[in-house]
Amino acid sequence: MTQTHTVSPSNLLREAGLAYFIVAFVARLPFAMMVVGVLTVAVSARGSLSLGGLTSAAVGIGTACFGPLLGAAADRFGQRFVLLLLAIANATMLVVFTVVVYGDASDPFVLLAAFGIGATAPQVAPMSRSRLVTIISERMPETVRARTISGTMAYESAADETVFVFGPFIVGVLASGIAPWAPLVGAAALTVLFVGAFALHPSGRYISRERDTDGRAPSRVSELLRPDLLVVVVGILGVGIFFGTMLTSLTSFMADRGAPEQAGLLYGVMGVGSAILALGVAWLPPRFSLRARWLVFAGTLLLGSLLLGFVDTTIGMTAALAIMGIGIGPTLVTQYSFGAARSPRGRSATVMTMLGSGVILGQSLGAAVTGEIAESIGTSAALMLPMVAAAITFATGILNWFLSHGRPRSR
């Protein structure tokens, strides 16, 4: 087990290394490309939008079912071993899905292959958060840990936002410039190269010193089911549902105006603003507590989503998206900060993958349900779903206020 040593707060970049942040950023791209890439290939190969939505949902369900288990394995055996296996398995499943969807296999086999993609997805973002939080918690003075973790969560969330904006864009470029199957093959190549590099980075050997020599955690598994932690999981699931419902209903909104290809550009208004505001969370004063931030920023998100019931022009939609961008990024940062603070001892990767799985599950299910509603009922009904997702996020913020009793409990 790797031994620790004390470093100053300013040395986080040097401790992890610049190469770490570059590799960890690029290694997120395959994960961001999977859901949209699977949808694109399924619709192209099978000519069914409904099947495309179901395959996206299958990816999310696979991630939700196995993500936390993979996080627990990483806590137990170290990230390197787990991520190397996942890099190979996930790249294989991406290729298998491509072959199956273009072949003569029935739809259930297509869904099973999509589930396999989600089940083997290397969740680089949660693993990265776990590595950095462990370094901060064990190698930095206690007086600066809270602020450093907040800044780290801000960067990580901004990186996620950026990747989830560029991921679909890359899928579109490869699908239109080469072929619909190209995004999945490209994601498979990126997975082998960059997830493999992320696994082989020296920080991948590190196992929390809270674990004993056999890798066992001092905390019980039941501690993962504490109400103050579960409320964060449900809250971040609401954020994931919002992502999925907003992008899909926005696509329907723009399709009604004859320009569905512009949905990604408008969505970028929210994504870019969200990423910028997420980075700004690190500079908020400590007296603006985490539980208050959740309520304020989730309330802003809810306010912006309520405007969707009144917009009927592209300009009005852009304004609503800009307001929602103010709320969504800081809310996500705050939820991850609560997750880091409330992680049972020795189970940081497990908690981070629970949260990461919540985002992707919510996104996948939200997109699938919204697509069906937009197609069968209409855009107006579809635009109601982001409001519901924002309401879930805000309601869990209220519940978290009463569960917090002040500042989140530190590990």
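The values are calculated or read from the model by the stated rules, or taken from the named source; none is laboratory data. Computed from a predicted structure; not experimentally measured. Here the Cβ positions follow ideal geometry from the backbone for every residue, glycine too, while neighbour counts run over all protein chains shown. For accessibility, only protein heavy atoms count, side chains too; no ligands or nucleic acids. Shrake-Rupley method; radii C 1.70, N 1.55, O 1.52, S 1.80 Å.
Descriptive notes on the structure:
- Test: residue in the stretch 140-148 that is farther than 29 Å from Thr334 by Cα and either open to solvent by 20 Å² or more (accessible area, probe 1.4 Å) or not aromatic (Phe, Trp, Tyr) (or both): no
- Residues located in the stretch 265-290, provided they are open to solvent by 50 Å² or more (accessible area, probe 1.4 Å) and in a helix (DSSP H, G or I): Leu265, Val269, Val272, Ile276, Leu277, Leu279, Trp283
- Meets criteria (part of a helix (DSSP H, G or I), farther than 23 Å from Val163 by Cα and open to solvent by 10 Å² or more (accessible area, probe 1.4 Å)) for Arg80: no
- Candidates Pro330, Pro344, Pro285 - the one that is of a type outside the set (Lys, Arg) and out of contact with any helix residue (DSSP H, G or I) (no Cβ under 8 Å at 6 or more places or on another chain): Pro285
- Every pair of residues 6+ apart whose Cβ atoms lie under 7 Å, when the first sits in the stretch 244-256 and is more than 13 Å from Ser305 (Cβ to Cβ) and small (Gly, Ala, Ser) while the second is open to solvent by less than 10 Å² (accessible area, probe 1.4 Å) and modelled with pLDDT under 85: Gly244/Ser364
- One residue stands out in the stretch 114-138 among those that are of a type in the set (A, V, I, L, M, F, W, C), at pLDDT 85 or above and open to solvent by 10 Å² or more (accessible area, probe 1.4 Å): the one that is nearest to Phe31 (Cα to Cα), namely Ala119.
- So Thr396, is it β-branched (Val, Ile, Thr), touching a residue at least 24 places away in the same chain (Cβ under 8 Å), part of a helix (DSSP H, G or I) and out of contact with any Ser or Thr (no Cβ under 6 Å at 6 or more places or on another chain): yes
- Positions within the stretch 161-205 being farther than 17 Å from Gly118 by Cα, among the aromatic types (Phe, Trp, Tyr) and either at pLDDT 90 or above or part of a helix (DSSP H, G or I) (or both), in sequence order: Phe166, Phe169, Phe194, Phe198
- So Phe31, is it open to solvent by less than 40 Å² (accessible area, probe 1.4 Å), modelled with pLDDT of 80 or more, under 24 Å from Gly358 (Cβ atoms) and part of a helix (DSSP H, G or I): yes
- The listed residues are Ala64, Ala24, Ala45, and the only one of them that is modelled with pLDDT under 85 and either within 15 Å of Gly356 (Cβ to Cβ) or not in a helix (DSSP H, G or I) (or both) turns out to be Ala64.
- In the stretch 97-112, the qualifying residues are those that are of a type in the set (A, V, I, L, M, F, W, C) and open to solvent by less than 60 Å² (accessible area, probe 1.4 Å), and the one that is farthest from Ala197 (Cα to Cα) is Ala105.
- Summed over the stretch 67-109, residues that are modelled with pLDDT under 85 and β-branched (Val, Ile, Thr) total 0.
- In summary, helices (runs of 4 or more DSSP H) completely within the stretch 297-390 and bearing 2 or more residues that are surrounded by 24 or more Cβ atoms within 10 Å (Cβ to Cβ) and among the hydrophobic types (A, V, I, L, M, F, W, C) occur at 314-341, 348-376.
- Filter result for Gly62 (under 20 Å from Glu372 (Cα atoms) and within 23 Å of the chain's Cα centre (by Cα)): no
- Filter result (small (Gly, Ala, Ser) and free of Cβ contacts under 8 Å to residues at least 40 places away in the same chain) within the stretch 150-196: Ser176, Gly177, Ala179, Ala182
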